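Working notes, structure below.
A short reminder: the numbers here are calculations on the coordinates, not readings from a lab. Keep in mind the model is a prediction, meaning the values are calculated, not measured. Neighbour counts are summed over all protein chains in view; Cβ atoms, including those assigned to glycine, are modelled from backbone coordinates with ideal geometry.
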Amino acid sequence: MRFEISKVLDAIEGRVCTDPSLARAVVDLAEVIRWQDLDGGRPASLLRLGMVIDALARQMEEDSVPVYAIVHRALLSDADLTSNERMVVRRWADDGLVEVLDNPGDRMLEVADLLGLPVLSRVRFDGLGGRWPWLGQAGRVLAPVPGAGGPVFIAHVGGGQSPATGTRSPVGAKLLARQWRCPEPGCALFGAGGGGGAFADLARVDRAPAGQPPPTLRAGVPTCPRHGARLGDAGPRPRTEVLAVRIGGLVRRRFALTEAQPVLVGRAPDGSNGITLGQWLNDESRRWISRSHVRFELRVGEVVVTDTSTNGSGIRPAGSMAEPDRLTLVPQQSRVLGEGDIVELYPGVQIGRADGLPSGAPFTPTSVMAEAPTMAMRLPRP
Ligand SMILES: [Zn+2]
């Protein structure tokens, strides 16, 4: 039983992040864990975050939709959570996956404003529409409530039942064009800080620049929301391109590609930075797709794809799913991915820019590959 819960919490851990290009909604974790009516269980439960994330995935018809969680520091010692749950939240805080704050105030709304994200909350935010005008827009604030097959969303503010993503506010766009450094050593959100700590925690520094959360503004000054310290400007933020993996019509996950690091995608690529597709593949596609099948790189703003497989890949040029238009990508061949082009590792296993790869299949929690139509393979024989 305990083991099972640990597994669920591990799965939830993969769906919390403060990365502006990947997070899809903002939640206040202290609020979510106390929605007792969702499961009729304990006064507080971290599993409710998982229920809300699942509801978001169903609504967006997409797997793996991460949420940006704001966490009041008191939660780290909340006696209504199990010691295991508290330990998990502490780990998320240490890894910068969630934002732990002494006083969250309206940080949730600030993040939603800066990133253009919907807010999942039962709070009505009365009187805040002047400061955050988008609060009145449909789908920007949705309250998760109990439904037949798990939580569903209802509108508390502004109408609408589907989460709506807006655009980053002008201030958000400005803040997210730069990378920031917190002077506090070991800051999980804004790098390792100055002094001797600069290289002490290389993994964290390495991870931070492109996926850094937005600073909070205090009297117009970019500030670390965790430490309240004024942030230093550490230069332009690395360019990021968000790609998505679509299998059998359903977007399974998104990933951010930066100029700093190529990303390998395949059945089970080596290295921590790889995108593993194995769990979503059927027997045929698993046999066809190599452990590391394609490599993506961002070079001067261009997405370059290189086939690293045994069997090769295909490219579906922008706007065409017609078989005759499918281009082959032989093993070791590279190609610049045009706007709207889709790389196909195997029929129905596709990767492209997230905004050009809509998720069209009805949501099914198990692999949809079994239902994928059989298409003629037109890939080269090595
Ligand atoms: Zn900090």
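Summary table
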{"quantity": "Packing-based ranking, highest mean first, of 8-15, 116-123 given that Cβ atoms within 10 Å are counted", "calculated": "116-123, 8-15"}
{"quantity": "Solvent-free Debye scattering, log10 I(q)/I(0), computed from the Cα coordinates of the range 11-61 at q = 0.14, 0.27 Å⁻¹", "calculated": "-0.36, -1.14"}
{"quantity": "Calculated SAXS-style log₁₀ I(q)/I(0) at q = 0.16, 0.20, 0.27 Å⁻¹ - the range 109-190, Debye, Cα scatterers", "calculated": "-0.68, -0.87, -1.22"}
{"quantity": "Normalised per residue, the volume of the convex hull around the Cα set of the range 48-109 (Å³)", "calculated": "98"}
{"quantity": "Choice from 23, 138, 219 showing the highest fluctuation, given a GNM over the chain with Cα pairs closer than 10 Å", "calculated": "219"}
{"quantity": "The chain: most fluctuating residue of 232, 136, 319 per GNM, C-alpha cutoff 10 Å", "calculated": "319"}
{"quantity": "Extent along principal axes [Cα atoms of the range 1-111; Å; largest to smallest]", "calculated": "34, 33, 27"}
{"quantity": "DSSP beta bridge pairing in the chain, given as percent antiparallel to the nearest 5", "calculated": "75"}
{"quantity": "Karplus-derived HN-Hα couplings along the range 339-353 (A = 6.51, B = -1.76, C = 1.60, θ = phi - 60°), whole Hz, x at Gly and Pro", "calculated": "4, x, 5, 10, 8, 10, 7, 6, x, x, 10, 10, 9, x, 4"}
{"quantity": "Least to most buried among 53, 289 (fewest other Cβ within 10 Å first)", "calculated": "289, 53"}
{"quantity": "Calculated from backbone phi, Karplus (6.51, -1.76, 1.60) coupling profile of the range 322-328 in Hz, x at Gly/Pro", "calculated": "6, 3, x, 7, 5, 8, 9"}
{"quantity": "The range 272-343: translational diffusion in µm²/s, Stokes-Einstein, Kirkwood Rh over Cα pairs, 20 °C, 1.002 mPa s", "calculated": "163"}
{"quantity": "Value of relative contact order over the chain, rounded to a whole percent, pairs C-alpha under 8 Å and six or more apart", "calculated": "12"}
{"quantity": "Max mean-square fluctuation residue, GNM over the chain, Cα-Cα springs under 10 Å, options 108, 60, 321", "calculated": "321"}
{"quantity": "255, 125 arranged by Cβ crowding within 10 Å, fewest neighbours leading", "calculated": "125, 255"}
{"quantity": "Rounded to whole Å, sorted largest first: equivalent-ellipsoid semi-axes of the chain, Cα gyration tensor", "calculated": "35, 25, 20"}
{"quantity": "Point-charge dipole on Cβ atoms (K/R +1, D/E -1) for the range 1-126, about Cα centre, debye to 20", "calculated": "320"}
{"quantity": "In sequence order, calculated HN-Hα J values of the range 160-172 (Karplus, 6.51, -1.76, 1.60; Hz; x Gly/Pro)", "calculated": "x, 10, 10, x, 10, 9, x, 9, 4, 5, x, 5, x"}
{"quantity": "Nearest 10 degrees, 0 to 90: helix 83-94 Cα axis against the chain principal axis", "calculated": "70"}
{"quantity": "Free-standing Cys residues across the chain, given no other cysteine C-beta under 4.7 angstrom", "calculated": "17"}
{"quantity": "Compactness of the range 84-149 - radius of gyration and Dmax, Cα, Å", "calculated": "14.5, 41"}
